[in-house]
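A short worksheet on the structure shown next.
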């Protein structure tokens, strides 16, 4: 089945540093990947939609200059948390759909998530 | 009103019990519906899609009521391993800017021995 791989699984960094998270589709081409964030005991919140070869679309309230997204190929999207602060500590999850969006209906498959702790 | 609403629970049930979760959604144009399962500190995993005619997968039965805009998940013969948070997920209409998933807050299930 479709597999989405996310790396790293967890990271601890100091305040002010930048952290890059990778999301790869292993056996399919993902034209669109989604980045979510989940705080403890809360639901997943969509941060941005990453489209291969074009700029990402950010949800309201998500700073595009702080959360840099690059989707340079059909199998890789990266999220960089720049100048991380303790309030950025969260569980970040990517997902991808392997059917064209205009066909709809396909569920998303998720990466294993990255637990970020900023000290 | 939230776009997708679920009772957060927790639902505490004994092994072998039958438990049902409901989920309501506000966008009548929603096209696709799913139940995901999320274990603590893990990513969500697709449990099952929800079809208009209702569908069953082993001990799990999902139903959709478009008129009342809710979906349900029934778990029969609960196992300890069913303990998790169950996420109701709704996908918007096709070919618009909102064609992506909206997650409910999740319903936590705890199955006790």
Mind jotting down the distance between the C-alpha centroids of segment B:15-80 and segment A:28-78, whole Å?
26 Å
Work out how far the C-alpha atoms of chain A reach from end to end along every principal axis, then list the three figures in whole Å, largest first.
42, 26, 24
Sort A:65-77, A:5-17 by the packing proxy (mean of other Cβ within 10 Å over each peptide's residues), most packed first.
A:65-77, A:5-17
Hey, what D do you get for segment B:15-113 in µm²/s if you plug the Kirkwood alpha-carbon radius into Stokes-Einstein at 37 °C and 0.692 mPa s?
236 µm²/s
Overall dimensions of segment A:40-85 by Cα: Rg and Dmax, Å
11.5, 34
Is there a simple number for the mean count of other chain Cβ atoms within 10 Å of the Cβ of residues in A:4-17, and what is it?
0
With an 8 Å cut-off on Cα pairs and a minimum separation of 6 or more residues, tell me the relative contact order of chain A in percent.
37 percent
Average Cα contact separation per residue, chain B, under 8 Å, 6 or more apart, as relative contact order %:
37 percent
Give me P(r) over the protein assembly as shown, computed from all C-alpha to C-alpha distances, binned every 10 Å, as integer percentages.
8, 32, 35, 20, 5, 0
Over the whole of A:28-39, what's the average partner chain Cβ count within 10 Å per residue? Rounded to a whole number, please.
1
Once normalised by the length of segment A:19-75, the mean sequence separation of its alpha carbon contacts under 8 Å that are 6 or more apart gives a contact order in percent of 33 percent
Using only the Cα atoms of segment A:1-55, each taken as one equal point scatterer with no solvent, compute I(q) by the Debye sum, divide by I(0), and report log10 of the ratio at q = 0.32 Å⁻¹.
-1.25
Across the residues of B:26-34, average count of Cβ atoms on other protein chains within 10 Å?
1
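No value in this document is a laboratory result; all are computed from the given coordinates. These figures come from a predicted structure and were not determined experimentally. When we count neighbours, we look across all protein chains shown, and the Cβ atoms used for this are built from the backbone with ideal geometry, even at glycine.
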